[in-house]
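Peer 1: Just passing along the structure, written as structure tokens.
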Amino acid sequence: MASTQAAAATEQAPTKNPTLLAWVAKMAAMTQPDRIVWCDGSEAEKQRLTEQAVKDGTLIPLNPQKRPGCYLHRSNPNDVARVEHLTFICTPNKTDAGPTNNWMEPEAAYTKLSQLFEGCMKGRTMYVVPYAMGPLGGPSTKIGVELTDSDYVVLNMRIMTRMGKAALDMLGDSDDFNRGLHSTGDVNPDRRYICHFPQDNTIWSFGSGYGGNVLLGKKCLALRIGSYLGREEGWLAEHMLILGVTSPKGETTYIAAAFPSACGKTNFAMMIPPKEYAGWKIETVGDDIAWMRPGPDGRLYAINPEAGYFGVVPGTNYKTNPNAMETIAKDTLFTNVALTPDGDVWWEGKDGEVPEELTDWQGKPWKKGSTEKAAHPNSRFTAPMSNNPVLSGKANNPQGVPISAIIFGGRRSNTVPLVLQAFNWTHGVFLGATMGSETTAAATGKVGVVRRDPMAMLPFCGYHMGDYLQHWLDMQKSIPQLPKIFQVNWFRQDKNGKFIWPGFGENMRVLEWIVNRVHGRVPTQETLLGWVPRQDQGLNLNGLDLPAEAITEATSIKEDEWKSELKSQEVFFEQLGTKAPEALMLQRKLLIARLDG
Ligand code: SAT
Ligand code: MN
């Protein structure tokens, strides 16, 4: 059996890369697929796979008049989000994975998962999916190959990455590629594992068919393995959107911003400025991940390693994100949204009337007024970035864009003010390190509890969090022209539980202040926490229907809240033990002294 598989893998392969061929043959010998198909990324292949996915029920075609080229996929109801408790970093020493990751010893993990993978593709097709993370040929771009038995995964990877022949050509005969193995197995949560082997540049994912668990280029390679490689090679792999903001004078400033999953990164990256900002333009470079390295001119350059968006659907509408609505109007895969009787899709928070009747995300009949959600709260769209009306002309630039500001933003109903600027890089790293956020539906588990989420990387850092923060501090030395660092919080609530700041397009006002600070154009007010907009020459609030008290509330610093915040930060730093960076401990002491003083 094994030699037949190996021969089949080699015979049809569109490459002579010996390392790749040997690896594919070895994985095929273990998983024993009936067929091996090398994906070329062509239109014909897309059509063939789509037809097949429709035939086997994986995809439901949507009304071609309403949603041309769009399909609906319903995942297994036990498989609707990332599973952090089943995600492992497999390093020889437990300390290398650190206290914030689940750990398995590599040999033990390979042995355990081999038993699951053994023969799991019998009767199935193994797709070989070569893909590039980053614009083809760029200095930051990495190649991965994902072996998968899911046509849904292939069709998603085709949107999310530069997939197929072009990636294989870029790889050539090199052995420098990420080895990803995925099988949906029997979609049983008891036999579900997402294992990362940073030393081997390898990912094994078993038992899931959903998003970040299986689109291995995304969270697994671009963040977990990426962050590990970034430390080795002197760059940063971050959970950040990248946008360009252009003023009426034609000056473009590029900004990277970290927010946890499902906290509005996609909305922010595609924002349309309010009418008071005529002449201003926001353009998207990326909506989820940034790879950043120092460039020859001493600035920090960022690329978006992805080619598509895997965004949260509920809440998306023409008010919150018109550009996303345009983006998902065609050629989009929807996962776990509701279906209308006329073959369109629906979700909570969509524009217009709630339909009388729907088929919900599980395929069951649904009636208006039902207490159940019609679309899953973590339902997603997969759409090519080329659909985005405000895609930056630089999104495909292999060199990336120079970053002038970095923003850290959590979801906090209290404590953290609307915006502040860090005193310097080290203080900015402290702000990022002490980020907290209320949990969302993007991962399984309780929603709405505050957890420390340093730089929005808690679920995505592929090594010891203390070393990661030290790496951020160390990067200062290799970036002569450091970006300025800011902290924002769009999610602060008043005492009635209502959001104080209107958010969405109005975030442009905060962005303008950040741009002005970056270029040294506005004075600022020093506070205990950092620099904030001045009352007189601060945020432009023209046209905003917001009482002055609301702004005071959204920007206020309450010392009692900060006392408990410091406690919670302390628990986090204690977890890092001796790896808690000294410079950050000093920042902490300074903050305590300021608050006590
Ligand atoms: O499922 S994903 O991990 O890709 C989405 C997210 O959590 O941001
Ligand atoms: Mn994300």
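Peer 1: Any idea which of (1) in contact with a Ser or Thr (Cβ under 8 Å, 6 or more places away or on another chain); (2) crowded, with 19+ Cβ neighbours inside 10 Å is the one Val416 doesn't satisfy?
Peer 2: (1)
Peer 1: Still on this structure: How about the stretch 235-285: which of its residues are closer than 18 Å to Leu458 by Cβ, among the hydrophobic types (A, V, I, L, M, F, W, C), in contact with a Ser or Thr (Cβ under 9 Å, 6 or more places away or on another chain) and within 16 Å of ligand 1 (Cβ to nearest atom)?
Peer 2: Result: Ala237, Leu241, Phe259, Ala262, Cys263.
Peer 1: For the stretch 370-379, state whether one or more residues are of a type in the set (A, V, I, L, M) and not in a loop (DSSP other than H, G, I, E, B).
Peer 2: No: zero hits.
Peer 1: For Lys495, all conditions in the list (1) surrounded by 15 or more Cβ atoms within 10 Å (Cβ to Cβ); (2) at pLDDT below 95; (3) more than 19 Å from Glu276 (Cβ to Cβ) hold save one; what is the number of the exception?
Peer 2: Every condition holds for Lys495 apart from (1).
Peer 1: Taking the condition open to solvent by 20 Å² or more (accessible area, probe 1.4 Å), more than 16 Å from ligand 1 (Cβ to nearest atom), modelled with pLDDT of 95 or more and over 25 Å from Pro273 (Cα atoms), does Glu372 pass?
Peer 2: yes
Peer 1: Check Ala405 against each of (1) open to solvent by 10 Å² or more (accessible area, probe 1.4 Å); (2) in contact with a Phe, Trp or Tyr (Cβ under 7 Å, 6 or more places away or on another chain) and name the one condition it does not meet.
Peer 2: Condition not satisfied by Ala405: (1).
Peer 1: Could you check how many residues of the stretch 342-357 are touching a strand residue (DSSP E or B) at 6+ places or on another chain (Cβ under 7 Å) and of a type in the set (Gly, Ala, Ser)?
Peer 2: So the answer is 0.
Peer 1: While we're looking at this one, here's another question. Only one of Tyr131, Tyr71 is open to solvent by less than 10 Å² (accessible area, probe 1.4 Å), within 26 Å of the chain's Cα centre (by Cα) and among the hydroxyl-bearing types (Ser, Thr, Tyr); which?
Peer 2: Tyr131
Peer 1: I would also like to ask the following. Would you point out the residue of the stretch 459-471, among those that are more than 12 Å from ligand 2 (Cβ to nearest atom) and in a loop (DSSP other than H, G, I, E, B), that is farthest from Leu241 (Cα to Cα)?
Peer 2: Ranking the candidates gives His464 first.
Peer 1: Scan Gly520, Gly538, Gly543 and give me the residue that is buried (at least 17 other Cβ atoms within 10 Å of the Cβ), in a loop (DSSP other than H, G, I, E, B), out of contact with any Phe, Trp or Tyr (no Cβ under 6 Å at 6 or more places or on another chain) and not aliphatic (A, V, I, L, M).
Peer 2: Gly538
Peer 1: Please verify whether Gln52 is of a type outside the set (Phe, Trp, Tyr) and either in contact with a Leu (Cβ under 7 Å, 6 or more places away or on another chain) or open to solvent by less than 50 Å² (accessible area, probe 1.4 Å) (or both), treating the condition exactly as stated.
Peer 2: No.
Peer 1: Could you go through the stretch 196-207 and let me know if any residue there is closer than 22 Å to Met27 by Cα and within 16 Å of ligand 2 (Cβ to nearest atom).
Peer 2: No; the residues of the stretch 196-207 include none that is closer than 22 Å to Met27 by Cα and within 16 Å of ligand 2 (Cβ to nearest atom).
Peer 1: Okay, next question. Evaluate the following for Glu276: is it open to solvent by 30 Å² or more (accessible area, probe 1.4 Å), outside any helix (DSSP H, G or I) and either away from ligand 2 (no atom under 16 Å from the Cβ) or modelled with pLDDT under 95 (or both)?
Peer 2: Judged against the criteria, Glu276 is not a match.
Peer 1: Quick check: is even one residue across the stretch 579-596 part of a loop (DSSP other than H, G, I, E, B) and either closer than 13 Å to Leu431 by Cα or open to solvent by 60 Å² or more (accessible area, probe 1.4 Å) (or both)?
Peer 2: For the stretch 579-596, residues part of a loop (DSSP other than H, G, I, E, B) and either closer than 13 Å to Leu431 by Cα or open to solvent by 60 Å² or more (accessible area, probe 1.4 Å) (or both): absent.
The values are calculated or read from the model by the stated rules, or taken from the named source; none is laboratory data. Here the structure is a predicted model, which is why all the values come from computation and not from measurement. Glycine gets a Cβ as well: all are built from the backbone with ideal geometry, and neighbour counts include every protein chain shown. Accessible surface areas use protein heavy atoms only, side chains included; no ligands, DNA or RNA. Shrake-Rupley method; radii C 1.70, N 1.55, O 1.52, S 1.80 Å.
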